[in-house]
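J.: What follows is a single structure, and I will ask about it in a moment.
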Amino acid sequence: MTKSSEHPRSSEHSVVVVGAGYAGVLAANRILAARDRARGDDPARNCRVTVVNPRAQFVERIRLHQVAAGTRASATLPLPDVLHADAQVIVGEVRSIDADRRCVEVTTADGVVPLGYDTLVYAVGSGTAHSVPGSGEHAHHAGDDAATSALRAALAALAPEAVVRVVGGGATSVEIAAEVAAARPDLAVEIVSADRVLGFMRPRARARIMRTLTGLGVTCREDTRVARVGAHELHTAEGAVLPFDVCVWAAAFGVPDLARRSGLATDAAGRLRVDATLTSVDHPDIVGAGDAVAVAPEVGGHLRMACATAMPLGGHAATTVLARIRGRALPVLSIGFAAQCLSLGRKAGYVQLVRADDSPRPLAAGGRLGATAKEAICRMTVDKLRAERARPGAFHAPKGPAPAARPRIEETSR
Ligand SMILES: Cc1cc2nc3c(=O)[nH]c(=O)nc-3n(C[C@H](O)[C@H](O)[C@H](O)COP(=O)(O)OP(=O)(O)OC[C@H]3O[C@@H](n4cnc5c(N)ncnc54)[C@H](O)[C@@H]3O)c2cc1C
């Protein structure tokens, strides 16, 4: 690798954001809004932001279950609706990162193009497609927009009494099962889970949600591990065969293998390993945010894959990038949670207030109030992305727990 092949440093600082999800959009907007406010000889005045995303739309992933069940027409917004007007958008997919040359290769409709950077923001998110055992093509994936259109069509085509099995016992699985059952009471909807459904929730909250699921006609098959998804049947580790008309895979999210393929340090799941400032542990020019990163445990041990995590991580990634541009000390991450929230169809929901470390507080709202609160939170996410275009820091999350209070949470989704 010769020096001459590297992306040359100039007075302009080029930031490339890979992925226009919650983390990537927030990061891009905060950097550009800070640039707009920079004065005098602040080097932030000279930064430029390019966002690479496979499509020209922002996907509100937290609403995909609504699209799948047919209770919402779409969960996409044109990128200009949420992105700062000065963000240059390249519609394409980054297929490799050459960290030594500070360059990415982007596959676009016009072919593969190289793109140099001074700082890269790695925010490629997650999906369920990466984690289905056996033959993945027989399951519909809960986590991405393209798969959601096919799932919506498959559900709409089902005759009454058809069987829908939703695999996974976490919040995403429950939201999908409830949304489908509420929209289509004529279908038999069952959650199949390797352990207890929502086992991470406090017993009272869980009991209330389970009652709502029962009221919607959703059944739960717990302690059942799916070993393989076949054509129209689930094969369990215990040897049972469970037929289905539609299977929705909503078990653990997996991440794209871009970081691993590019030779960057990752954890076992392929998430980019970042330190307490969100800088890649082996490449100082790469900053990560969102579902696709594994944050140093001393500041990120309590974090789960969630929009509620991706947005504050995106905000912090922007702050780290701005500190790099300004030659200042990089800020250490401190983010915590305020609530866990679930929709249970359009008429019910559950919002559990939590401490910064994500442990429950004895305060929650269920039923219609829960549904209203959850809907307000969904709207707030997009409102805050937009607000960051004009005011860096418009979105802020609670501070993280004190180091001694941080539990290590193994749950990988939501
Ligand atoms: C049905 C459902 C309901 C959910 N509900 C909630 C909820 O209520 N609350 C909550 O907190 N979380 C919820 N989540 C989880 C939440 O959606 C994710 O945690 C969140 O989207 C992560 O944000 P992100 O920015 O890291 O990634 P994403 O939102 O996944 O965005 C990543 C972006 O990167 C792009 N990308 C990927 N690879 C490349 C590449 N090689 N080159 C360029 N671009 C690339 C993707 O196309 C995408 O646009 C839900 C998820 C699902 C599926």
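J.: Give me a count of the residues in the stretch 268-302 that are among the hydrophobic types (A, V, I, L, M, F, W, C), buried (at least 23 other Cβ atoms within 10 Å of the Cβ) and touching a helix residue (DSSP H, G or I) at 6+ places or on another chain (Cβ under 6 Å).
T.: 4
J.: Looking at (1) of a type in the set (G, A, S); (2) in the same structural domain as D145 (by TED's automatic domain parsing); (3) exposed (fewer than 15 other Cβ atoms within 10 Å of the Cβ), which is the one condition that is false for G217?
T.: Only one criterion is unmet by G217, namely (3).
J.: Of (1) in contact with a His (Cβ under 7 Å, 6 or more places away or on another chain); (2) closer than 20 Å to L151 by Cβ; (3) of a type outside the set (S, T, N, Q); (4) away from the ligand (no atom under 15 Å from the Cβ), A227 satisfies all except one. Which?
T.: For A227, the failing item is (2).
J.: In the stretch 208-261, which residues are aliphatic (A, V, I, L, M), out of contact with any Phe, Trp or Tyr (no Cβ under 8 Å at 6 or more places or on another chain), under 18 Å from V197 (Cα atoms) and not in a strand (DSSP E or B)?
T.: Scanning the stretch 208-261 gives M210, L213, L216, V218, A237, A250, A251, A252.
J.: Return the pairs, sorted by first residue and then second, in which the second residue is modelled with pLDDT under 95 and surrounded by 21 or more Cβ atoms within 10 Å (Cβ to Cβ), the first residue lies in the stretch 167-195 and is at positive phi, the beta carbons are less than 7 Å apart, and the residues are 6+ apart or on different chains.
T.: Matching pairs, first to second residue: G168/A250; G168/A251.
J.: Let me ask something else about it. Give the residues of the stretch 195-207 that are in a loop (DSSP other than H, G, I, E, B) and buried (at least 17 other Cβ atoms within 10 Å of the Cβ), sorted by residue number.
T.: Passing the criteria: V197, L198, F200, M201.
J.: Of all residues in the stretch 169-194, which are β-branched (V, I, T) and not in a helix (DSSP H, G or I)?
T.: Those that are β-branched (V, I, T) and not in a helix (DSSP H, G or I): V189, I191, V192.
J.: Can you find a residue in the stretch 109-119 that is of a type in the set (F, W, Y), at pLDDT 90 or above, more than 11 Å from the ligand (Cβ to nearest atom) and under 23 Å from G21 (Cα atoms)?
T.: Yes, some residue in the stretch 109-119 is of a type in the set (F, W, Y), at pLDDT 90 or above, more than 11 Å from the ligand (Cβ to nearest atom) and under 23 Å from G21 (Cα atoms).
J.: I'd like to verify a number: residues in the stretch 278-295 that are out of contact with any strand residue (DSSP E or B) (no Cβ under 7 Å at 6 or more places or on another chain) and of a type in the set (G, A, S), how many?
T.: Total satisfying the criteria: 1.
J.: Please name all residue pairs, on different chains or six or more residues apart, with Cβ atoms under 9 Å, provided the first residue is in the stretch 48-63 and is modelled with pLDDT under 95 and the second residue is within 7 Å of the ligand (Cβ to nearest atom).
T.: From residues that are modelled with pLDDT under 95, there are no pairs.
The values are calculated or read from the model by the stated rules, or taken from the named source; none is laboratory data. Because the structure is predicted, anything quoted here is derived from the model rather than measured. Positions of Cβ are generated from backbone atoms using ideal geometry, with glycine treated the same way; all protein chains shown enter the neighbour counts.
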